[in-house]
Amino acid sequence: MYNTLDPSIQDKYNNVIGTFGLDDLDMYARDVRLSWKVYLICVFSVFVLIFFWNLMLRMFAEVLAWISIFVVGVGMIGLGFAVKYYADNNYPEGDTTQKWLNIASYVIWTLSGFYALAVLCSYMAIKVSVKVLRVSAKIIMSNMRMIIVPVVGMVMILAWILFFGYSLLWLMSCGDMQDNQLTNPVTG
């Protein structure tokens, strides 16, 4: 069928195929097909991690929440020092880029201060949130079927995409291309 096309149309077809990268898509599909065991291991490990995370939340919710709040604050301060260190070591004194990076580090430290104030002002709200988190972890641990709901949704979406792709390929492979010449009924 390709050989029967006009050479100018063949060039346009080759350009579309080259731009779209069907070879790349074939390579991706082959990689997915060959590494199905890795995907199964990933899915299994996600469910194991969900189980352990909920177990940890049930037992250590408050500790985990405060550790994560502390790590975010320290990370922001560390980022400010990293930007300042990068500016001082990679740009000469008085360079425009160094000035902007120094300003960025001061902005990051200011935001870190606002973050610390927000945490201090929200102490009671954080304690309530931790209690809600602990209760939600108890509910999930007592009803593990809730974890399957997103998986069922993803499987249904994947089935729909596969059906759509198969139907599209089937439709594209039906029939032969024909050149239909439209004639003007008035002029004949």
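Here, each number is a calculation from the coordinates, and none is a lab measurement. Here the structure is a predicted model, which is why all the values come from computation and not from measurement. Note that each Cβ is placed from the backbone with ideal geometry, even for glycine, and that neighbours are counted across all protein chains shown.
Side notes on the structure shown:
- Building the convex hull from the alpha-carbon atoms of segment 28-90 and averaging its projection over directions returns 7.8 nm².
- Theoretical FRET efficiency, 1/(1+(r/R0)^6), r = Cβ-Cβ of Phe60 and Ser129, R0 22 Å, to 0.05: 0.90
- Kirkwood Rh and Cα Rg combined as Rg/Rh, segment 35-171: 1.19
- Estimated FRET transfer efficiency (Val151, Ile67; beta-carbon r; R0 30 Å; 0.05): 0.55
- Extension gain for the segment Tyr91 to Leu158, taken as residue separation times 0.36 nm less the Cα-Cα distance, is 19.1 nm to one decimal.
- Under the simplified labelling scheme, the Met144-Phe114 pair shows an inter-label distance of 4.4 nm, with each label point 7 Å from Cα along Cα→Cβ.
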